[in-house]
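What follows is one structure encoded as C-alpha cells, with my remarks underneath.
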C-alpha cells in the first residue's frame, strides 16, 4: 500500500468515526477509490450492496479530503435510510418525465436538469454533513464561507442564444445553491460578499431571472427533512418545471 493509500485509509477511518459519533453511522463495508481522471471532486454509489466513494486525484491534494468524504458518506447515509431525495428510481421518474414532456433534446438542457436535481441531493446530504463537521470540528467558519463563495459567479454569459440562456440558468442555480446552503447552516456572509456577488449577477440578467431566483432560493432554503415520497415527487416536479419554463 502506497503512502497516499495509507493516508486515505486513515482519513476514511476518521470520517467514519465522526459519522457514527454524530449519530449517522454507516453499516457494512465502505470502499474509497481514487480516479485520477475524474473531472469533479467525487461521488458516491452503491453496487451489489457495497458502499463506494470515488474521489478525484486532485482531491487528494486539496486539503479537503476529510470534508469531502464526510459529504459523500452523508449521501450514502441518505441512500441507506431510503430518503426520497436519494431514491434513484423516483429521481429518474421525475427527471425523465419533465425532460420528455418538455421535449428537451439538447445535452446542455439535460445537463442543467441533472444539475438542478444534484443541488437538491447535495442540500440534503449537507444537512447531515454539517452536523458531522461540527462534531469533528472540520472547516473553520472562514473556510466554509470561502468554499461557498467560490461557487458563486457574478457575470452571466452575455448572449441571447438559447444555449447561453440555459447555461445562465445553471449559473443562477449554482449561486442559489451556495447561498441557500449558507443560510440553512448559519454560515456568516462576511461583509455581505455572497449577497453582493449574487446581486451583481442578477443585475446583469432580466426580470424573469430575478423573479425565478427568489423562487429557487426559497425552495432550497425550505426543503423539509421529513417529507413523503409523494410530496417530494410533487415538489421536485414543480421545481424542475420552473427550470424548464425559465429556459423558454
Over region 84-247, the quotient of the Cα radius of gyration and 2.2 N^0.38 Å is 1.05
Relative to the chain, whose Cα atoms define the longest principal axis, helix 3-21 and its Cα axis are tilted in degrees, nearest 10, by 80
Cα-based Rg and Dmax for region 1-115, in Å, come out at 16.4, 51
Of region 221-247, those with amide N under 19 Å from the point 7 Å along the Cα→Cβ vector of residue 82 are 225-234
When the chain is treated as a Gaussian network with springs between alpha carbons less than 10 Å apart, the largest mean-square fluctuation among 88, 159, 180 is found at 159
So the angle from the long Cα axis of helix 88-101 to the longest Cα principal axis of the chain, reported in degrees to the nearest 10, equals 20
Measuring from the longest principal axis of the C-alpha atoms of the chain, the long axis of helix 141-151 (C-alpha) lies at a number of degrees, nearest 10, equal to 50
Per GNM of the chain with C-alpha springs under 10 angstrom, the most fluctuating residue out of 170, 186, 95 is 186
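Read the figures in this text as sums done on the coordinates, not as results from a lab. Values in this document were obtained by computation on a predicted structure and should not be read as measured data. Ideal geometry is used to build each Cβ from the backbone, glycine not excepted, and the neighbour counts take in all protein chains shown.
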